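Taking it in order: structure first as structure tokens, then the write-up.
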Amino acid sequence: MSLNRNLQTIAAANGIGADANFGAVTPPLYLTTTFTFAGYEQARAYDYTRAGNPSRALLADTIAQLEGGAGATITASGMAAIDLVLGTLGSDDLIVAPHDCYGGTYRLIAARAAKGQFNVAFVDQSDEAALAAALRGRPALVLIETPSNPLMRVVDIHAVSTRAKAAGAKVAVDNTFLSPALQRPIALGADYVIHSTTKYLNGHSDVVGGAVVAADPDDAAQLAEWSNITGVTGAPFDAFLTLRGLRTLFPRIAQQQRTAGTIAAYLERHPRVAATHYPGLASHPGHAIAQAQQTGFGAMLSFELAGGADEVRRFVEAVEGFTLAESLGGVESLIAHPATMTHASMGAEARHAAGISDTLLRLSVGLEAEEDLVAGLERGFGALT
């Protein structure tokens, strides 16, 4: 009987030394599109890579173990992972989604709702009255994003899950910002956990991918079947690279969040900053909930500059150490302007309703030296004087 392994051990060692053919320590990469049958009507474990592949299956098993789920499906992107869950809904079903979710998620849900594929209510899930009103609509699915992108709002997963299930809904949590190293939504009541594996799980900004973990075996089987039908499964080479990145998830995110905490404290004190959004700060309104349901505060934060659009332009053109780019979770530090980048497709009205201002900047803190990143931010602020 195998030992009950620590999550860090699962990330680092799942599948290591398991090759029965040649004794390879690192699991082999299976680039084949198709597999032989042993004979007439004698299918093997895999027949065609769209439906199943050993390299992708090992990544799925590793992520499922880390999240405490019954199974996982690996998709070609994070958006494909969200769409896979949306595919479980019917035309009369209602989804309750965060009003301040990632811009791509907002765009996808709104576009599918406009086609009549389901109904949607975008709700501030921290507003008790608004959430209660939405749940009275008997939704089929409640989507949670915590911490939210880009305002770092925190939602009580257990509390919302309990209420959602009482209303007959399943619960999906986007865990991209924290990963299972810092938050495990299934243990808090979620039915599905969604990842853009592009971000922290891979961690090197070189592979696009996604994953959906299901708490229930039947849900896991349904997602696997639908992913094969629609063809949204990820490529074996992408799965191989993502698993390689996943091996170092725990030490990466531990160092990244230490630096993020220092930067958040620095920004909170800075006279040129109007507001700092980081759940690790005691001043953050979701700090207590984050402490209760997370094992760390992560390496994502956002802040609002005092001033206007010209200050934003001058800051991002002068800042050093942070590369102006979308995405997050890599070993390198990035800075993004949500209003013109990640959330531009939401439109000004939806951004305003979500509280995403034109002076908001989002940081993904990487593995560079802490003092270099703080000095780089100082260069940005220096351009505002």
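Side notes on the structure shown:
- Which listed residue is without any contact (Cβ under 8 Å) to a residue 40 or more places away in the chain and more than 21 Å from MET346 (Cβ to Cβ), from GLY137, GLY231, GLY189: GLY189
- Tally of residues being surrounded by fewer than 24 Cβ atoms within 10 Å (Cβ to Cβ) and either farther than 15 Å from LEU59 by Cβ or not assigned by TED's automatic domain parsing to the domain that holds CYS101 (or both) across region 192-204: 0
- Odd one out for SER327, checked against (1) touching a Leu at 6+ places or on another chain (Cβ under 6 Å); (2) outside any helix (DSSP H, G or I): (1)
- For region 285-294, the criterion of being in contact (Cβ under 8 Å) with a residue 24 or more places away in the chain, within 22 Å of THR248 (Cβ to Cβ), touching a strand residue (DSSP E or B) at 6+ places or on another chain (Cβ under 6 Å) and surrounded by 17 or more Cβ atoms within 10 Å (Cβ to Cβ) is met by no residue.
- If you go through region 284-324 and keep only what is among the charged types (D, E, K, R) and part of a strand (DSSP E or B), you end up with just GLU304.
- Annotation note: Cβ proximity below 7 Å between a residue of region 355-376 that is under 23 Å from LEU151 (Cβ atoms) and a residue that is surrounded by 24 or more Cβ atoms within 10 Å (Cβ to Cβ) and basic (Lys, Arg) (sequence gap 6+ or interchain) occurs for no pair.
- Residue that is farthest from the chain's Cα centre (by Cα) [pool: residues in region 269-283 that are outside any strand (DSSP E or B), under 26 Å from ILE157 (Cβ atoms) and not hydroxyl-bearing (Ser, Thr, Tyr)]: ALA282
Here is a yes/no grid of residues against (1) assigned to a loop (DSSP other than H, G, I, E, B); (2) closer than 19 Å to PHE240 by Cα:
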{"site": "ILE16", "(1), (2)": "yes, yes"}
{"site": "ALA24", "(1), (2)": "yes, yes"}
{"site": "THR36", "(1), (2)": "yes, no"}
{"site": "ALA57", "(1), (2)": "no, yes"}
{"site": "ASP61", "(1), (2)": "no, yes"}
{"site": "ILE74", "(1), (2)": "no, yes"}
{"site": "THR88", "(1), (2)": "yes, no"}
{"site": "VAL96", "(1), (2)": "no, no"}
{"site": "ALA111", "(1), (2)": "no, no"}
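- Residue check: ALA369 meets all listed conditions (1) in contact with a strand residue (DSSP E or B) (Cβ under 6 Å, 6 or more places away or on another chain); (2) exposed (fewer than 15 other Cβ atoms within 10 Å of the Cβ); (3) of a type in the set (A, V, I, L, M, F, W, C) but one, namely (1).
- Looking only at residues of region 138-152 that are assigned to a loop (DSSP other than H, G, I, E, B) and surrounded by fewer than 24 Cβ atoms within 10 Å (Cβ to Cβ), we find that the one that is modelled with the lowest pLDDT is LEU151.
The values are calculated or read from the model by the stated rules, or taken from the named source; none is laboratory data. This is a predicted model, so every value here is computed, not measured. Here the Cβ is made from the backbone with ideal geometry for all residues, glycine too, and neighbour counts use every protein chain on show.
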